[in-house]
Amino acid sequence: MFSKIMVPVDLAHKEKLVKGLQCSADLAKHYGAEVIMVGVTADTPGSVAHTPEEYRTKLDAFAADFGASNSVNASARAVVVNDPAIDLDAILLKAVKETDADLVVMASHVPGIKEYIWPSNGGKIAAHAAASVMVVRD
Amino acid sequence: MTDTSGDQGIPEPSGASDVIETDYEIGQDNIDGQLGPFGFDIHNPVFLVSGIAIVAFVFYTLALPEQAGEAFSWLFGAVTKGFDWFFLGAANIFVLFCLFLIVTPLGSVRLGGVDAKPDYTYIGWFAMLFAAGMGIGLMFYGVSEPMSHFSSSMGGTAAEGGARTDWAPLGAAAGDEAAAVRLGMAATIFHWGLHPWAIYAIVALALALFSYNKGLPLTIRSAFYPILGDRVWGWWGHAIDTLAVFATLFGLATSLGFGATQANAGLNELFGIPINNTVEVVLISGITAIALISVLRGLDGGVKVLSEINMGLAFLLLLFVLFTGPTVAILTGFGDYLLAYVEYLPALSNPVGREDVNFMQGWTAFYWAWWISWSPFVGMFIARVSRGRSVREFVICVLLIPSLVCVLWMSVFGGVAIQQVVQDGYTAAQDAELPRQLFKMLDQLPLAGITSLIGIVLVIVFFVTSSDSGSLVIDTITAGGKVDAPVPQRVFWCIFEGAVAIVLLLSAGGLSSLQSMVISTGLPFTVVLLLMCWAIYKGLASEPR
């Protein structure tokens, strides 16, 4: 049913990814799909990496690690933007198109009042992406 | 999955730049959590200390307006009179240092490593440099400053007890119109030309170098790593960053105050809307609301778009004034004023033994302090958009091109207004109060209604871009150099800047209390900038070229 699963990851908050990653691994195995991890970074130094090149290396390693330990086919795609806090949704929607993914699995927090006016990234992607979207609550 | 968090903070050797090895991890001193529905991620001492101090300052000004007013005017006098030589001397050093960077091999270093590519086109880049750096000031002083210097020069010198009491630059030019025009324009260009842009270039270069090439967080303290070592992550660094937040906030609030008074004056000219506190408060609130929308659209969707629109509008207004005014006189004036600037530059920038004390302290020292207090903000903003440029390209573009544009702007706006006095005997602009002079000048040209409206729009949009980029910068500093901190923090700072501007406009001292704060934060920050020059030199020397 699915052949390409896109998984947005935030390397600065890996602890919040566990459930979503497990879920995407299970789905990938079930459908024999490949997993594409998408990470977004600014060009300024951040807590994960000091340069975009370093970020790319870390994301590649993270994806390779994930692929090996779950025996699925996994690759990484790092996107560098000027203003990640604002542009994240647009970048992820573009990545869905460009990677040709047919399923997006992403972690999100439990919504509250704020989400009525200011949707979470997961909510925004689910509302606008052409692919199926599975939002995993933590 | 293996845990890779242990290697965070230790840079990968990329070979393209000389990364500084440090155990500091960006955001390690941050506290993050949830406040009601909003998440936050802030650098604890810097955010709290600067936030509380600014709130305390605002309360003091409101609670004891008389006492605060006196304290501010004492402070203003003490700093400009006691340290005028220091501001002038330091600014000269910054210009010389920038010129040094252009001609030495250090200029070949590329920001972001040898293979880095620029993020923005030249047009978008210049637009943002300009909108952030001078916007409102150009609108406010474009007509009024050349006019003031021209008038005071015409008035000649006056002395009482051996001290000059007039405000004319240098030796004035009593009664000699041609000489007064040249001197007035040279003095104006001096305040808007090489010196301010050298100040911005130093801060921007330090920030860009130490974050893009050295891998340190994008905050002011990172530039001090060559001097303080790992102590920059402790209280030394907190103090430097907090100072930067103060300087930025007060510098911005002053400009917002100027913007509000000028927009109000323009609306009064055009539509007869009264000039009072209520209108100005409504203006600041309304414009802050527009700035919020821009904040929420981010760097590329908000401030960049607005900056480009504004540059286009400003350019059209410039062309319009140029061609409907005395075109030939302005164009020959441009070259002549530039020569006058070069001619008077040594005398105007001389920091000691000056006779024109009022001009030197009240104009030049205040300007230098104002530019310096803006420098963390403009510098960080310039740094944010300058990755991928070489140091030489960077310094030339930040120093020379904006200076030339300022010369052109002042020649056109100031030149037309002065011609109106000299040729036509039209003195309405000369006689009006500062915020109104631009509109009085436009009044004499065709389509005054439309151009005045464009003038007001320009003031407002420059206000929005300053407020927006200022929020971005303060947020980055108070988040310990993180550029992806939760967006509500930017919203907080944007509202806070507007609030400070409103409160201080309403206080007894009004704009003058803001100006006092600007120069008093400018003074310690001048020391910071001087040390930065040394750090830049050290940092560039170890980079691959």
Q: Among the residues of the range A:87-126, write down those that are over 19 Å from A:S24 (Cβ atoms) and modelled with pLDDT under 80.
A: A:V110, A:P111, A:G112, A:I113, A:K114, A:E115, A:Y116, A:I117, A:W118, A:P119
Q) Has the range A:64-71 got at least one residue that is of a type outside the set (F, W, Y) and in contact with a Lys or Arg (Cβ under 8 Å, 6 or more places away or on another chain)? A) yes
Q) Among the residues of the range B:333-340, is any more than 14 Å from chain A (Cβ to nearest Cβ), without any contact (Cβ under 8 Å) to a residue 40 or more places away in the chain and farther than 25 Å from B:Q419 by Cβ? A) no
Q: Please tell me if B:W409 is under 23 Å from the mean Cα position of the chain (by Cα) and under 23 Å from B:F94 (Cα atoms).
A: no
Q: Would you mind listing the helices (runs of 4 or more DSSP H) fully within the range B:264-379 where at least 3 residues are small (G, A, S) and buried (at least 16 other Cβ atoms within 10 Å of the Cβ)?
A: B:277-298, B:327-349
(Q) Please go through the range B:401-421 and give me each residue that is over 21 Å from B:C98 (Cβ atoms) and not hydrophobic (A, V, I, L, M, F, W, C), ordered by number. (A) B:S411, B:G414, B:G415, B:Q419, B:Q420
Q: Return only the number of the condition from (1) buried (at least 22 other Cβ atoms within 10 Å of the Cβ); (2) within 17 Å of B:G481 (Cβ to Cβ) that A:V38 does not satisfy.
A: (2)
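Does B:P486 satisfy the criteria of being more than 24 Å from B:G135 (Cα to Cα), over 18 Å from the mean Cα position of the chain (by Cα) and surrounded by fewer than 24 Cβ atoms within 10 Å (Cβ to Cβ)?
Yes, satisfied.
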(Q) Against the definition (away from chain A (no Cβ under 14 Å) and under 23 Å from B:S307 (Cβ atoms)), how does B:F97 come out, yes or no? (A) no
**Q.** Qualifying residue in the range A:35-56 (condition: of a type in the set (F, W, Y) and either at the interface with another protein chain (Cβ under 9 Å from one of its Cβ atoms) or in contact with a Cys (Cβ under 7 Å, 6 or more places away or on another chain) (or both))
**A.** no
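Out of curiosity, is B:D23 of a type in the set (D, E, K, R) and either at pLDDT 75 or above or under 31 Å from the mean Cα position of the chain (by Cα) (or both)?
Values: of a type in the set (D, E, K, R): yes; either at pLDDT 75 or above or under 31 Å from the mean Cα position of the chain (by Cα) (or both): no.
No: the conditions fail for B:D23.
Listed here are the residues, each with its yes/no results for (1) within 14 Å of another protein chain (Cβ to nearest Cβ); (2) in contact with a strand residue (DSSP E or B) (Cβ under 6 Å, 6 or more places away or on another chain); (3) modelled with pLDDT of 85 or more; (4) surrounded by fewer than 23 Cβ atoms within 10 Å (Cβ to Cβ).
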{"residue": "B:A178", "(1), (2), (3), (4)": "no, no, yes, yes"}
{"residue": "B:V181", "(1), (2), (3), (4)": "no, no, yes, no"}
{"residue": "B:W192", "(1), (2), (3), (4)": "no, no, yes, no"}
{"residue": "B:P196", "(1), (2), (3), (4)": "no, no, yes, no"}
{"residue": "B:Y200", "(1), (2), (3), (4)": "no, no, yes, no"}
{"residue": "B:A208", "(1), (2), (3), (4)": "yes, no, yes, no"}
{"residue": "B:A223", "(1), (2), (3), (4)": "yes, no, yes, no"}
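Which is within 16 Å of the chain's Cα centre (by Cα) and either hydrophobic (A, V, I, L, M, F, W, C) or closer than 30 Å to B:F47 by Cα (or both), of B:L228, B:L218, B:L205, B:L170?
So the residue among B:L228, B:L218, B:L205, B:L170 that is within 16 Å of the chain's Cα centre (by Cα) and either hydrophobic (A, V, I, L, M, F, W, C) or closer than 30 Å to B:F47 by Cα (or both) is B:L205.
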Q. Any idea which of (1) more than 13 Å from chain B (Cβ to nearest Cβ); (2) over 30 Å from B:P118 (Cβ atoms); (3) touching a helix residue (DSSP H, G or I) at 6+ places or on another chain (Cβ under 7 Å) is the one A:Y31 doesn't satisfy?
A. (3)
Q: Filter the range A:57-77 down to residues that are buried (at least 22 other Cβ atoms within 10 Å of the Cβ) and facing chain B (nearest Cβ under 10 Å) and give me whichever is farthest from B:D300 (Cα to Cα).
A: A:F66
Q) Is it true that some residue in the range A:78-98 is over 30 Å from B:S471 (Cα atoms), within 14 Å of another protein chain (Cβ to nearest Cβ) and buried (at least 22 other Cβ atoms within 10 Å of the Cβ)? A) no
Q) When you go through (1) among the acidic types (D, E); (2) in contact with a strand residue (DSSP E or B) (Cβ under 6 Å, 6 or more places away or on another chain); (3) part of a loop (DSSP other than H, G, I, E, B) one by one for B:D115, which number turns out not to apply? A) (2)
Q) With respect to B:P146, is the statement that it is surrounded by fewer than 20 Cβ atoms within 10 Å (Cβ to Cβ) and touching a Phe, Trp or Tyr at 6+ places or on another chain (Cβ under 8 Å) true? A) no
Q) Name the residues in the range B:164-183 that are under 16 Å from B:N358 (Cα atoms) and β-branched (V, I, T), would you? A) B:T165
Q.
Can you tell me which residue is farthest from B:F140 (Cα to Cα) among those in the range B:466-482 that are of a type in the set (A, V, I, L, M) and part of a helix (DSSP H, G or I)?
A. B:I477
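The values are calculated or read from the model by the stated rules, or taken from the named source; none is laboratory data. Since we're looking at a predicted model, the values are computed, not measured. Neighbour counts are summed over all protein chains in view; Cβ atoms, including those assigned to glycine, are modelled from backbone coordinates with ideal geometry.
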